[in-house]
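Accompanying notes for the structure given below.
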Amino acid sequence: MRENKYITCLILLIFFLSGTIHAQNPWQQDKGEFLLSPYLSHYSASAFRNRDGDKVDFENQGQFVNYNPRLYFSMPINGYKVNLFGSLPWFFNQYEDNNLRQRNRDLGDIELGARFHLRKFKMHYLMASVTTFIPAYSNDQLPYTGFGRFGMEGRVILSGNSPWIGESNNFHKIELGYRYFFPSDPGQIRFFSSKGFKVVDKVVLLGELDAIFSFSNESEFFENNLQLVSDFSVIKASANIGYEFTPKFSLYGGLFHDVLNRNSGIGSGFQIFSVIRIDKK
């Protein structure tokens with residue numbers, strides 16, 4: 001369930017740093033625009049931190065590995081004021097130790113949501129989003145893909161740039177959300193922040209912090225089934241670099257690592273994705 005949610009931020013920043021600045025909100029797709037992004041991440045963990053913060057290696061030299069390709073899209077419903085977005089994920093999960101090997105390939109939670117432009121404050125934009133998470137998997141084989149529960153999330157987003165650095169060569173973004181899975185739990189507080197900077201023409205550096213604080217009565221930790229652990233805390237940091245080949249095609253890649261954990265696997269990995277912009281204007 002610890003999917004790379006911050007991909008939406010990575011993709012939206014392209015509009016802000018590409019030089020195509022809208023008259024309204026550069027973080028939203030406007031009429032006639034469509035955004036498509038294929039994405040792949042790799043995550044691995046061979047140890048976890050318990051509730052006291054102590055590092056514990058998986059038994060029998062165990063290791064959990066996850067590959068997660070997904071396809072993201074974003075498009076306007078009512079011009080830039082309302083955007084429809086979503087993603088279709090696929091998971092390859094594997095746990096292996098000295099005694100066993102478990103593999104599972106399946107779809108993940110399909111995301112479908114709407115993002116709303118609320119207000120502009122000089123060089124900043126206030127937005128909000130509502131997202132549904134629809135389980136599209138069976139959870140009949142370990143390691144599971146997710147909780148197997150319908151979820152909903154509300155999120156507040158503040159995005160902008162620092163004019164003293166430059167009007168169009170940098171950006172920052174802060175998001176705060178709450179996600180809940182029905183009918184019982186978990187409930188999750190989600191926090192995300194990022195800072196991007198165009199170092200030279202066509203090259204962008206991006207740093208991020210992504211935090212999840214998940215609360216549930218089901219507090220058991222499964223080292224061979226990390227996607228099902230529902231009571232945990234994790235903060236992940238990442239560093240990315242991107243190159244804009246054309247105004248309508250960019251390629252990004254980066255590394256990430258957990259920097260704080262509670263009842264959670266200590267994970268690291270990489271991500272790559274491309275951004276394809278279609279403008280029908």
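The values are calculated or read from the model by the stated rules, or taken from the named source; none is laboratory data. Since we're looking at a predicted model, the values are computed, not measured. Quick reminder, even Gly has a Cβ in these numbers, built from the backbone with ideal geometry, and neighbours come from all protein chains shown. These accessible areas exclude ligands, DNA and RNA; they are computed on the full protein's heavy atoms, side chains included. Shrake-Rupley method; radii C 1.70, N 1.55, O 1.52, S 1.80 Å.
Straight-line reach from K202: which aspartates and glutamates have a Cα under 15 Å away, not including same-chain ones fewer than 8 places off?
Those aspartates and glutamates meeting the cut-off are E244.
Of the accessible area of region 80-154, with the probe set at 1.4 angstrom, what percent is carbon plus sulfur?
57 percent
Taking the Cα centre of region 128-281 as the origin, how large is its charge dipole in debye, to the nearest 20, when only Lys and Arg (+1) and Asp and Glu (-1) carry charge on their Cβ atoms?
700 debye
Rounded to the nearest whole Å², what accessible area per residue is found for region 116-255 with the 1.4 Å probe?
I get 46 Å² per residue for this part.
Could you calculate the contour length gain from A136 to E220, that is, 0.36 nm times the residue separation minus the distance between their Cα atoms, to one decimal place in nm?
Using 0.36 nm per residue and subtracting the Cα-Cα distance, I get 27.8 nm.
Which whole number of Å³ per residue matches the convex hull of the alpha-carbon atoms in region 116-174?
Roughly 120 Å³ of hull volume per residue.
Just need the Rg to Rh number for region 123-281, please, alpha carbons only, Kirkwood Rh.
1.01
From the alpha carbon gyration tensor of region 85-186, can you work out the equivalent ellipsoid semi-axes (sqrt of 5 times each eigenvalue) and give them in Å, largest to smallest?
37, 18, 11
If you place +1 on the Cβ of every Lys and Arg, -1 on the Cβ of every Asp and Glu, and leave all else neutral, what size is the dipole of region 187-275 about its Cα centre, to the nearest 20 Debye?
About 460 debye.
Top to bottom by accessible area (1.4 Å), largest first, where do E244, E96 land?
E96, E244
Which sequence of H42, H257 reflects their accessible areas, 1.4 Å probe, from the largest down?
Ranking H42, H257 by accessible area, largest first, yields H257, H42.
Please give every one of the aspartates and glutamates within straight-line cross-link reach of K120, meaning a C-alpha to C-alpha distance under 17 Å, and leave out same-chain neighbours fewer than 8 residues apart.
Cα-Cα hits under 17 Å: D30, E167, E175.
Taking amide H atoms as placed 1.01 Å from N in the peptide plane, list the residues 5 or more away in sequence, or in a different chain, whose amide H sits under 5 Å from that of V82.
Residues meeting the amide H criterion: I77, H117.
For the chain, what does -39500 (n - 2.57) per DSSP helix run (n ≥ 4), summed and divided by total residues, give at 222 nm, in deg cm²/dmol to the nearest 500?
Estimated from H runs of four or more residues: -1000 deg cm²/dmol.
Quick one: the Cα spread of the chain along its three principal axes, in angstroms, biggest first?
Sorted largest first, the three principal extents are 58, 39, 32 Å.
log10 I(q)/I(0), Debye, Cα-only region 191-276, no solvent, q = 0.15, 0.23, 0.24 Å⁻¹?
Results for region 191-276 at q = 0.15, 0.23, 0.24 Å⁻¹ read -0.66, -1.06, -1.12.
Could you tell me the convex hull volume per residue, in Å³, taken over the Cα atoms of region 54-96?
91 Å³
If you roll a 1.4 angstrom probe over the protein chains with everything in place, what fraction of the accessible area of region 237-281 belongs to carbon and sulfur, to the nearest %?
Looking at region 237-281 in its full context, I get 72 percent from C and S.
I need the peptides 260-270, 191-201, 67-77 ranked by packing, meaning the mean over residues of other C-beta atoms within 10 angstrom, with the highest value on top.
Order by mean packing, descending: 260-270, 67-77, 191-201.
So what is Rg over Rh here for region 72-136, counting just Cα atoms and using Kirkwood for Rh?
Ratio of gyration radius to Kirkwood radius for region 72-136: 1.26.
For K280, list the lysines whose Cα falls under 22 Å from its own Cα; do not include residues on the same chain fewer than 8 positions away.
In chain and number order, the partners are K31, K81, K248.
Work through the residues other than N224 whose Cβ is under 15 Å from its Cβ and net out their charges, Lys, Arg +1 and Asp, Glu -1.
Once all neighbours under 15 Å are counted, the net charge is -4.
Name the shape class, rounded, prolate or oblate, that the alpha-carbon gyration tensor gives for region 134-222, where a ≥ b ≥ c are the square roots of its eigenvalues, rounded holds for a/c under 1.5, and otherwise prolate holds if a/b is larger than b/c and oblate otherwise.
In terms of gyration-tensor shape, prolate.
Relative to the Cα centre, what is the charge dipole magnitude of the chain, using +1 at the beta carbon of each Lys and Arg, -1 at the beta carbon of each Asp and Glu, and rounding to the nearest 20 debye?
About 1280 debye.
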